[in-house]
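Derivation of every value follows stated rules applied to the coordinates shown; laboratory data play no part. Bear in mind that the values here come from a model prediction, so they are computed numbers and not experimental data. All Cβ positions, glycine included, derive from the backbone under ideal geometry; neighbour counts span all protein chains shown.
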Amino acid sequence: MNHPSCEGSSLGRRTMACVSAMALATGILLPGAASAQGRQDGEGRVVLAGNGPGPAANGPGPGCNIIPPLASTGTKVDISQFPPADSLTDPELAGPVQLLKSGKFDIPIEALTGINVPSGNPRGTITLPLFKGAVKTPSGPKPAWYIILDAGNQDEATRLGVNFSKKLPNAGDAARPATRQADGTFLFDSGIVDFSPNRAVAPGSEDRPFPPSVAQPGSIGDADYSPLVNVDGIIYDAPVVAAAVEDGLINFPNGSPNYALVHDQVVAIDPVNRTVTLSLINGFSFGKPVFYISTESSDPTVSAIEGNTFAPRLRRLEVGIDDISRSAVERIFIATNGESKGGCNNPQRQGLSAALLDGHRPNNTFGGIPTTARDYSPVWDANLYEWTEDAIDKGYRGLLTEEFRILKLARDGYITGPNGAPFGSAGPVIVCGVAARLN
């Protein structure tokens, strides 16, 4: 079939040729690979070929692990003598906050800064309620397996234990329509996701890893699909995480799911008990470390790198408008050529080049999230930035974790858009529900 990923323009395609799904499936890996894995192509570059979430949030080294240390570090007293974090009584104060109340984390979020979490164990996952709705198709209704991460109505967000976003009601027809069934689940008017493609990513040249030379998303929505859903006038962020099949085909409660049938961020799925476990991803917001879940984007190259679903309907959203009254988006800041030398051992590691070279996440920086700002949206307008040669030569390049620090560096000329373009929106949006603030 001709997937949307090989049609039209994309972020990476401005500088790379489209690679067809068939060529990737036959030339890079066999269909049905169970997990993300690395190999080298003929030029020695790492190819992130295969499916699944890849490296965990609780990664090795300071460049791939943002879990905070004990609050008692550097003192002469034991952590047991410290009071509980202020955030446990007021989430807007310093300390860890579990934002997705509906989820169960393998890392004890609200105990962070009071306990040591060893690198690599636990992995960094969240287990969420799994809903079995239905979607209308020409051959009749089929199962629709989805989660809910955000809602555009405060009372509904509180009821579900998810994030509230005042911007979601501005989604317009980027949200697909659905009705509420008698059991409370959604009946979608349309929209199917194909999870069968095999995800593959390879860096570009050694001195310029981004854009990638190979980029094929592992799941692709049709023209009608969107994670944003309008039900009874409320906009939900309700990503589909499994194919439109019956329970028995996606029953992997102990892990090792069939990634031809489930989202690449799924670690385990239990349709009997209606739960799904997803991988968490590292990021920052206003200097604070956060965990988030990446589910969709409007660009195939972005989806290939992120390991999420390419959903072309999201291109209907207006970008470049940030916090004005009609905006449905918030900004995410993504370095293209951040520090990558030394990989996860480098505490300044950040950006797409680093991610393409070592396979770990790029440590992106978000704008406002719940508890720190009221302008949160799970729909993130990708603001890609590139460090200038002058900034690199002077040793200024490093980890940026706060929006206004990034904006100041753009104003002062140390970062630009890719290839020296004006700084600002690159065009794609990425749908990411923020799960927790770590301190």
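Taking θ as phi - 60° and the Karplus parameters 6.51, -1.76 and 1.60, the scalar couplings of segment 61-74 work out to x, x, x, 10, 9, 10, 5, x, x, 4, 5, 8, 3, x Hz in sequence order, x denoting glycine and proline.
Backbone geometry of segment 428-439 corresponds, through the Karplus equation with coefficients 6.51, -1.76 and 1.60 at θ = phi - 60°, to 3J(HN,Hα) couplings of x, 10, 10, 9, 9, x, 7, 9, 7, 9, 8, 7 Hz, x marking Gly and Pro. Within the listed set Gly413, Gly172, Gly191, the Gaussian network model of the chain (springs between alpha-carbon atoms below 10 Å) gives the highest mean-square fluctuation for Gly413. Estimated from helical segments only, the mean residue ellipticity of the chain at 222 nm is -2500 deg cm²/dmol, where each DSSP H run of four or more residues counts as -39500 (n - 2.57).
Full extension of the chain between Lys101 and Lys142 gives 11.8 nm of extra length, using 0.36 nm per residue less the Cα-Cα distance.
Past 22 Å, Cα to Cα, is the threshold; run Lys101/Lys288; Lys341/Lys394; Lys101/Lys166; Lys104/Lys132; Lys101/Lys167; Lys104/Lys142 against it and keep the listed order.
Values: Lys101/Lys288 19 Å; Lys341/Lys394 16 Å; Lys101/Lys166 18 Å; Lys104/Lys132 19 Å; Lys101/Lys167 20 Å; Lys104/Lys142 28 Å.
Over 22 Å Cα-Cα: Lys104/Lys142.
Distances between placed amide hydrogens fall under 5 Å for Ala242 paired with Trp145, His263, all partners being 5 or more residues away or on another chain. In this structure the amide hydrogen of Gly433, modeled in the peptide plane, comes within under 5 Å of the amide hydrogens of Ile293, Thr295, none closer than 5 places in sequence on its chain. With both labels modelled 7 Å from their Cα along Cα-to-Cβ, the Glu92 to Leu407 distance reads 1.9 nm. Relative contact order of segment 108-258: 24 percent, from C-alpha pairs under 8 Å at least 6 residues apart in sequence.
Pairs of Cα atoms nearer than 8 Å and 6+ residues apart set the relative contact order; for the chain it is 19 percent.
Segment 399-439 and segment 143-170 have Cα centres spaced 25 Å apart.
Here the 3J(HN,Hα) profile of segment 212-222, calculated from phi with Karplus coefficients 6.51, -1.76 and 1.60 at θ = phi - 60°, is x, 7, 10, 8, 10, x, x, 8, 9, x, 6 Hz, Gly and Pro shown as x. Loop-located trypsin sites (Lys or Arg not before Pro) in segment 278-381 (DSSP state other than H, G, I, E, B) with a sparse environment of at most 16 neighbouring Cβ atoms within 10 Å: Arg326, Lys341, Arg374. Here's how it looks for Glu402: its modeled amide H is under 5 Å from those of Gly287, which are all 5 or more places away or on a different chain.
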